Structures are given as C-alpha cells and as structure tokens.
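The values are calculated or read from the model by the stated rules, or taken from the named source; none is laboratory data. Predicted model only: the values in this text are computed from it and were never measured. Here the Cβ positions follow ideal geometry from the backbone for every residue, glycine too, while neighbour counts run over all protein chains shown.
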Amino acid sequence: MNIIFLGPPGAGKGTQAQRVCDALKIPQISTGDILRKAMKEGTETGLKAKSYIDAGQLVPDEVIIDIVKERLAQDDCGNGYILDGFPRTVPQAEALSGFARIDSVIELAVEDQVLVNRLSGRRVCVNCGATYHISMLNGRTDCEKCGEQLIQRNDDKAETVLSRLEVYHAQTAPLIGFYTEKGLLHRVDGDQGLDKTFDAIMSTLGAKA
Ligand code: ADP
Ligand code: ADP
Ligand code: ZN
C-alpha cells in the first residue's frame with residue numbers, strides 16, 4: 001500500500017507513521033528527516049534548505065520533488081511506503097501523480113491551539129530522530145531508544161511555530177480538497193491518545209497490527 005500522511009505540523013504524522021510502518025513492514029519516508037539529515041551533513045541541498053526551514057517556510061517544490069522521486073525509485077519501496085510530510089503543495093501532489101500510484105491519504109486532524117502546545121513541547125533525539133513530548137518525559141533528557149541527547153528543533157521555537165501553521169493553512173490544506181476529489185482522503189481525529197489514533201488509522205487502512 002502506498003500511503004500519504006497529511007496534516008499540520010504537530011498532528012502526529014511522524015509518531016504514527018513510525019508505528020504504522022513497523023506494523024506493515026514498509027518504509028517511512030519523511031521529507032523533514034531527509035532535509036534535516038542533509039543539513040547536518042552540510043550537503044548542497046541541506047545548505048539550500050536551511051534558510052527556508054529555519055524561517056518556517058517550505059523549501060522550493062523542485063528541490064523536494066526530485067528528492068522524493070529518487071527515494072521512491074529505491075528497492076525497499078516496492079511493497080509500499082508511507083509518505084510523511086510530502087506532498088505539501090498542490091504542485092508537489094501533481095508531480096507525485098506522475099511517478100507514484102497512491103492508494104490512500106490519511107488526514108490527521110488537530111486544532112491549532114493543541115498544535116502550538118505539541119510543537120513547543122516536542123523534543124527529538126539528535127541521533128535517531130525519535131520524537132517525544134516534554135509532558136511525557138518526566139525530566140528525562142536522553143533518548144529511550146539509543147541513549148543520545150534530546151533537543152528542541154530550531155523550527156519548534158515559538159516564533160517559528162505560528163508561521164508554519166499559517167503556511168500549512170495557505171499551502172498544504174488545499175490538498176484535502178485535491179485528494180477528496182480523487183476519492184482517496186480519509187480523515188482521522190488526531191486529538192486522541194496515541195493508541196486510539198493508531199487503531200483508527202489501522203482500521204481506516206483496513207490493516208491488522
Ligand atoms: P508531526 O510529524 O505531524 O509534526 P509529531 O509526530 O512529531 O508530529 O508529534 C508532534 C508532538 O506531539 C510530539 O511532541 C509528539 O510526542 C506529540 N504527540 C503526537 N501524537 C500525540 C497525541 N496523539 N497526543 C498527544 N501528543 C502527541
Ligand atoms: P513537521 O513534522 O513539524 O510537520 P517536518 O519535519 O515534516 O515538520 O518538516 C520540517 C520542515 O522541512 C518544514 O517546515 C519545511 O520547511 C521542510 N519540508 C519538509 N517537507 C517538505 C515538503 N514536502 N515541501 C517543502 N518543504 C518541506
Ligand atoms: Zn535516539
């Protein structure tokens with residue numbers, strides 16, 4: 001199954017994509033993770049992306065489309081995948097139609113007030129990318145999975161969070177209509193517990209954990 005996870009920053013796309021990918025044994029393709037890795041390694045793409053990401057803006061379509069096209073051509077994508085954070089604009093979705101056949105789009109719906117709290121409390125592992133929320137960490141500052149340090153992402157600082165939400169409503173939310181017209185969109189309430197949200201996604205996909 002080729003699946004898209006759509007939703008505002010902080011909706012839980014990364015958290016749930018990881019769980020669903022583990023259950024279905026398919027790769028999670030997170031464009032945010034790919035871009036952060038490129039930034040860390042100081043590649044040309046990384047350098048280009050940094051100013052956009054730090055400002056809470058989207059990186060240009062042509063940059064991200066090429067990255068995804070190359071990634072989907074790799075062998076491990078043959079049995080399906082979850083796109084987490086792509087597409088984010090209508091031109092990206094149109095380009096994707098040219099090189100992938102999408103079976104299902106899961107929209108994780110969460111209100112803006114909840115998102116601000118989730119994003120400002122998000123902590124990520126510098127090493128493995130695991131995601132946590134300060135409310136669940138009980139003061140812990142290292143990663144439960146690999147022991148490395150947890151940090152706050154630069155673009156999760158309060159001043160950037162609001163521009164990211166604006167960008168979502170202006171540039172990404174139109175994809176809800178785009179995929180509804182194609183009969184692919186499934187809306188899931190993302191403002192419930194982690195397990196309930198996971199169960200709702202799995203039953204929407206008609207999959208068993
Ligand atoms: P996204 O990938 O959509 O930006 P994340 O999966 O990184 O979202 O989650 C954003 C933040 O919200 C993280 O701190 C995560 O721990 C927390 N979170 C995710 N899902 C839930 C949930 N269902 N309830 C409460 N907090 C959540
Ligand atoms: P979140 O999990 O909070 O939704 P991501 O980790 O997916 O954020 O993305 C972080 C940043 O990387 C975005 O704010 C944007 O600048 C850039 N980015 C990620 N995916 C895309 C995309 N498909 N198109 C353009 N920019 C992207
Ligand atoms: Zn880790």
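Residues that are touching a residue at least 60 places away in the same chain (Cβ under 8 Å) and either β-branched (V, I, T) or over 21 Å from A11 (Cα atoms) (or both) within the stretch 51-76 comprise just one, I53.
Residues in the stretch 183-207 that are within 22 Å of R101 (Cα to Cα) and either free of Cβ contacts under 8 Å to residues at least 24 places away in the same chain or part of a helix (DSSP H, G or I) (or both): G183, I201, M202, S203, T204, L205, G206.
Of the residues in the stretch 101-115, at least one is within 26 Å of E181 (Cα to Cα), of a type outside the set (V, I, T) and within 12 Å of ligand 2 (Cβ to nearest atom). The requirement of being charged (D, E, K, R) and either within 15 Å of ligand 2 (Cβ to nearest atom) or more than 21 Å from N79 (Cα to Cα) (or both) is not satisfied by D22. For the stretch 185-194, the count of residues that are within 16 Å of ligand 3 (Cβ to nearest atom) and either surrounded by fewer than 18 Cβ atoms within 10 Å (Cβ to Cβ) or farther than 14 Å from F5 by Cα (or both) is zero. Taken together, the criteria place A38 among residues that are in contact with a Ser or Thr (Cβ under 6 Å, 6 or more places away or on another chain) and away from ligand 1 (no atom under 16 Å from the Cβ).
List the pairs whose first member sits in the stretch 22-50 and is within 15 Å of V63 (Cβ to Cβ), whose second member is among the charged types (D, E, K, R) and modelled with pLDDT of 95 or more, and whose Cβ atoms are under 7 Å apart, counting only residues at least 6 apart or on separate chains? From residues that are within 15 Å of V63 (Cβ to Cβ), the pairs are M39/K50.
Of everything in the stretch 186-199, what is under 12 Å from A109 (Cα atoms) and not charged (D, E, K, R)? Give them in sequence order.
H186, V188, G190, Q192, T197
Within the set L165, L175, the sole residue that is within 14 Å of ligand 1 (Cβ to nearest atom), buried (at least 16 other Cβ atoms within 10 Å of the Cβ), among the aliphatic types (A, V, I, L, M) and more than 13 Å from R122 (Cα to Cα) turns out to be L165.
For beta carbons closer than 6 Å, sequence separation of 6+ or different chains, a first residue in the stretch 1-16 that is touching a residue at least 24 places away in the same chain (Cβ under 8 Å) and a second that is assigned to a loop (DSSP other than H, G, I, E, B) and near ligand 1 (Cβ under 7 Å from one of its atoms), the qualifying pairs are A11/G190; G12/G190; K13/G7. For the condition of a type in the set (D, E), within 19 Å of A93 (Cβ to Cβ) and more than 15 Å from ligand 2 (Cβ to nearest atom), E148 does not qualify. In the condition set (1) in a strand (DSSP E or B); (2) at pLDDT below 95, E159 is compliant with all but (1).
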